[in-house]
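Visitor: Before anything else, here's the structure in question.
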Amino acid sequence: MVLRAAGPVVRAAALAIDILIRGVLYLALTPLLAFSGLGVGLFLLGIFLLEWFYPVFFELLRGATPGKRAMDLMVVQDDGTPIRPAASLIRNLLRLVDFLPLFYGSGLACTLVDRHFRRLGDLAAGTLVVHVESRHKRGEIPSQRPLPLPRSLSLEAQQAILDYAERRPRLSPQRRTELAETLSWLSGRTGAAAEEALLGYANYLARGR
């Protein structure tokens, strides 16, 4: 998986897809308006939840909304680790500020001057929107129980872990162990245990689950 900051054009395309999806969901709620009182209340509650928690739900579930996934984008912390609940809430609650004065004017201006194309919500939450290569363009990461990183790593070091996991099926057993043990200082393990640790780190970085 390659981590590369996403610019405003592709992010706008992802946003347009998410707006269309939410529009369909809004229409699905309209039958509630036929019922006065409770029906209207449920309709308004549904609109509120979709508007404010639709992105939070998908970011925490899969790292990206359906629109971002369609554009091969993902939201991560600025150190490359999976997005955390508090950060997702902050970046999405601040969409209101990014929207000002009209049609995400503040957010667009911010992405154009920031070298990582971060909007105000991203700056406040410490997050990045990055490109990820689609599955048909990259190797699959072997499944393993996600293992959180024991310490903060550079994006380059995290990329090396992901590259190892994607290349692992094509390596000889001896080469797998040799490469895994180069990061024994991180995992504190050797041999097969070092391989398992790297696969766990890779699954954590790729999915965060």
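Just so it is clear, none of the values below were taken in a lab; they were calculated from the coordinates. Just so it is clear, the model here is predicted, and its values are computed rather than measured. No Cβ is skipped: glycine too gets one built from the backbone with ideal geometry, and neighbour counts run over all protein chains shown.
Visitor: If all Cα-Cα distances of region 139-207 are sorted into 5 Å bins from 0 onward, what percent lands in each bin, rounded to whole numbers?
Guide: Histogramming region 139-207 at 5 Å steps yields 3, 20, 33, 29, 13, 2 percent.
Visitor: Can I ask one more? Within 10 Å, at most 12 other Cβ atoms, and a DSSP state outside H, G, I, E, B define an exposed site. Report the longest part of the chain free of exposed chymotrypsin sites (Phe, Trp or Tyr not before Pro).
Guide: In short, 104-209.
Visitor: Continuing with the same structure: Mind putting a number on the dipole of the chain about its Cα centre? Charges go on the C-beta only, +1 for Lys and Arg and -1 for Asp and Glu, and I need it in Debye to the nearest 20.
Guide: Rounded to the nearest 20 debye, it is 280 debye.
Visitor: Eigenvalues of the Cα gyration tensor times 5, then square-rooted: what semi-axes does that give for region 1-77, in whole angstrom, largest first?
Guide: 31, 12, 8
Visitor: How long are the semi-axes of the ellipsoid equivalent to the chain, from square roots of 5 times the Cα gyration tensor eigenvalues, in whole Å, largest first?
Guide: Details: eigenvalues 287, 74, 43 Å².
Gyration-tensor ellipsoid for the chain: 38, 19, 15 Å.
Visitor: Counting pairs of alpha carbon atoms under 8 Å apart in space and at least six apart in sequence, what relative contact order in percent does the chain give? Show your work: numbers first, answer last.
Guide: Values: 287 pairs, mean separation 48.7, N = 209.
Relative contact order for the chain comes out at 23 percent.
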